[in-house]
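The values are calculated or read from the model by the stated rules, or taken from the named source; none is laboratory data. Because the structure is predicted, anything quoted here is derived from the model rather than measured. Ideal geometry is used to build each Cβ from the backbone, glycine not excepted, and the neighbour counts take in all protein chains shown. Keep in mind that these areas ignore ligands, DNA and RNA; they rest on the heavy atoms of the full protein, side chains included. Shrake-Rupley method; radii C 1.70, N 1.55, O 1.52, S 1.80 Å.
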Amino acid sequence: MPDALPAPPEVPAGPVLLRPWRPGDAPAVRVALTDPATDLFSNPGRVATDEDAAEWVARRAGRSATTAAWAVVDAATGELVGSVALHAVDPVQGDAAVGYWTVPAARGRGVAPRAVDAAVRWAFATLSVDRVELVHAAENPASGRVAEKAGFTLEGRLRRSHRYSDGVRRDELLWARLSDDGVPDLSTRS
């Protein structure tokens, strides 16, 4: 097995901060992942209990050869507002994928695009990565807006490519950002 990726550092991203996961994040994670939209599109592990949430946080807090994960917190209050992770990191091929979610109260505030952009910039600067993919359910247009705002280019539709937590196979949209793509302007709120 390859060596673990570098430990994810704190990464400032304007009004939010990406920081390593902590055991104390588990209660907020349980609440976030039981939100119906988050549960459908971002909860394949079916986090439902405090114990599930503690295990979820512990997995993301650990070092891995293929994943770097952060809690996304409000920079002023420290309150958990989301999650972002680079996964399927392949330094030989030079690519990775990014996934994220936000708590309902943080949606529409520009949290997800800022978190995704910060994680991707870290990957380009720190890892041997030239391409990061973002894939989401075609019927989740909010994720398309996040991808576009975070500087990704829509590349195509993957037909019935993923079974979501409700058991339905859905089409997904594939976006990618390359290391030499322009830097997105995230100066606006949403």
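Normalised per residue, the accessible area of the chain is 50 Å², obtained with a 1.4 Å probe and no contribution from ligands, DNA or RNA.
Based on Cα atoms of segment 50-108, Rg over Rh with Rh as the Kirkwood radius reads 1.03. Legend: Rg and Dmax of segment 75-184, from Cα coordinates, 14.0, 41 Å.
Normalised by 2.2 N^0.38 Å, where N is the number of residues, the alpha-carbon radius of gyration of the chain equals 0.96. When +1 charges are put on Lys and Arg Cβ atoms and -1 charges on Asp and Glu Cβ atoms, the dipole computed for segment 52-101 relative to its Cα centre reaches about 140 debye. For the chain, carbon and sulfur atoms together expose 52% of the accessible surface, with a 1.4 angstrom probe and every protein chain in place. Put the Cα centre of segment 60-120 next to the Cα centre of segment 139-183 and the gap is 15 Å.
If Rh is defined by the Kirkwood formula over all Cα pairs and Rg also comes from Cα, what ratio Rg/Rh do you get for segment 1-63? Here the Rg-to-Rh quotient is 1.02. Selection among His87, Gly151, Pro20 by position relative to the dipole of the chain gives Gly151 as farthest towards the positive end (Cβ unit charges, Cα centre).
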